[in-house]
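The values are calculated or read from the model by the stated rules, or taken from the named source; none is laboratory data. Note that the coordinates shown come from a computational prediction; the quantities given were computed from them, not determined experimentally. Cβ coordinates were reconstructed from backbone atoms using ideal geometry, including for glycine residues, and neighbour counts include every protein chain displayed. Please note that ligands, DNA and RNA were not included when accessible areas were found on the heavy atoms of the full protein model with its side chains. Shrake-Rupley method; radii C 1.70, N 1.55, O 1.52, S 1.80 Å.
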Amino acid sequence: MISENVKDKVLSPQDLRKILNADNMEIVKLCRKASIVPQKDENGKTYFSMEEARLLKQAKESKKEVMPKSSSQVVVNTLLSSLKKMEDNMTTSITDTLTESLTRVLDERLEGMDEVVVELIRCKTENENLKNKVNELNKENYRLKNTLNSYKPFAFGLFVKKQEDDILL
């Protein structure tokens, strides 16, 4: 209970001047050095807690800049975590937007491709059939020419049939 009363005790600026043996300007500098913001009561009067007075006394005794590690580290950690959250949100948002856009564009572009592929397969099949037909007609043409060439003119418009060449294609 006693330690709670000591922690809860508040000091006026006059009390703080006596404790620190400093004027108002020096107290303002020490407050900046220790990152302490004076508190105000309901009437608008400034007061300091015992912990703040202790930190100000340490700041006065030490020549280097004193900032409570806990408050500076909290600020840094808070900034880092909020930056990380912002980065994650932006990355997620951009990735989702790009994925949706890309999917939509690909769907639009590929929409008619099924019909094109079916038509291409049909044309390829028809082309193969026509090639086979051309080959068959070439074979038949060769046989007919061979048969025609096997007839040699004889006399008076008569023809004699010689043996045909049996070359297979």
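For this structure, a couple of remarks:
- Residue-span extension gain [residue 98 to residue 77] - 0.36 nm each, minus C-alpha spacing: 4.4 nm
- Pairs spanning more than 19 Å between alpha-carbon atoms, out of 33/85; 18/57; 9/45; 29/57; 33/60: 33/85.
- Close amide H pairs (under 5 Å, H built 1.01 Å from N) link residue 49 with 11, residues at least 5 positions away or on another chain.
- Scaled to the globular estimate 2.2 N^0.38 Å, the Cα spread of the range 14-62, given as radius of gyration, is 1.06.
- Solvent-accessible heavy-atom area per residue, rounded to whole Å², over the chain at 1.4 Å: 87
- Under Karplus coefficients 6.51, -1.76 and 1.60, residue-wise ³J(HN,Hα) of the range 21-30 in Hz, glycine/proline x: 6, 9, 8, 4, 4, 5, 5, 4, 4, 5
- Phi angles across the range 78-91 convert, under the Karplus curve 6.51 cos²θ - 1.76 cosθ + 1.60 with θ = phi - 60°, into 3J(HN,Hα) values of 5, 4, 5, 5, 5, 5, 5, 5, 4, 4, 4, 4, 5, 4 Hz, Gly and Pro given as x.
- The chain - mean residue ellipticity at 222 nm from DSSP helices (-39,500 (n - 2.57) per run, n ≥ 4, rounded to 500): -23500 deg cm²/dmol
- Using every pair of distinct Cα positions in the chain, the Kirkwood expression returns a hydrodynamic radius of 26.7 angstrom.
- The label point for residue 58 and the one for residue 46, both projected 7 Å from the Cα toward the Cβ, are 2.2 nm apart.
- Positive-end residue of 141, 106, 21, charge dipole of the chain with Cβ unit charges: 21
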